[in-house]
1. Filter region 32-71 down to the residues that are in a helix (DSSP H, G or I) and among the acidic types (Asp, Glu) and list them by number.
2. For region 81-101, give me each residue that is closer than 19 Å to GLN35 by Cα and assigned to a loop (DSSP other than H, G, I, E, B).
3. Any chance you could count how many residues in region 95-128 are in contact (Cβ under 8 Å) with a residue 24 or more places away in the chain and open to solvent by 30 Å² or more (accessible area, probe 1.4 Å)?
4. Test LEU4 against the criterion of being loosely packed, with under 10 Cβ neighbours inside 10 Å, at pLDDT below 95 and assigned to a helix (DSSP H, G or I), and give yes or no.
Amino acid sequence: MKYLYRLSFIALLILTATGCHRAPDEVLIRQAIDQVAKATQQVDASAVVEPLTDDFDGNRGTTTRQDIGNLLRAAKFRGETLHAVLGPVDVQPRGERYVASFTVTLTSGGKLFPSQLGVYKVETAWRREGHDWRCYSATWTQQL
């Protein structure tokens, strides 16, 4: 009987320890990028801007969090279809922050956006806000 109690206690400890396990920061950032790509395909402005900070800086001051949300809301209103295909995501620590680089191929149904948007090289910067990783800066350039 003692053996059964010990075994149950050890099993409970193992379950508790695995339940408290948190994914590494790099994985959380990759997941956030993947979620944004999926939300882009659904033309879901709220989900796309959710991981962006309020002071988000896109392409060195040319695009804000609000600009991105407004563009996607207009696309949704017009019945636009978007497709985003991510290339490999490279996540590197920079002190207490992270930089994630990747390529993304964007295409659309051609109503608001041109039908062939192209391939972009993207670099994003991430910082922790509370328990979440949020993107505070991004630059993108179209690849020829």
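1. ASP34, ASP67 - these are the residues of region 32-71 that are in a helix (DSSP H, G or I) and among the acidic types (Asp, Glu).
2. THR81, GLY87, PRO88, VAL89
3. Here is the first cut: in region 95-128, the ones in contact (Cβ under 8 Å) with a residue 24 or more places away in the chain are 96-100, 102-104, 106-109, 111-113, 118-119, 123-128.
Cutting the leftovers down to open to solvent by 30 Å² or more (accessible area, probe 1.4 Å) gives us 96-97, 103, 106-107, 109, 111-113, 119, 123, 127-128.
Result for region 95-128: 13.
4. In short, yes.
The values are calculated or read from the model by the stated rules, or taken from the named source; none is laboratory data. A quick note: this is a predicted structure, and the numbers were derived from the prediction, not measured. Heads up, the Cβs are rebuilt from the backbone with ideal geometry, glycines too, and the neighbour counts pull from every protein chain shown. In case anyone asks, the SASA skips ligands and DNA or RNA and just uses the protein heavy atoms, side chains included. Shrake-Rupley method; radii C 1.70, N 1.55, O 1.52, S 1.80 Å.
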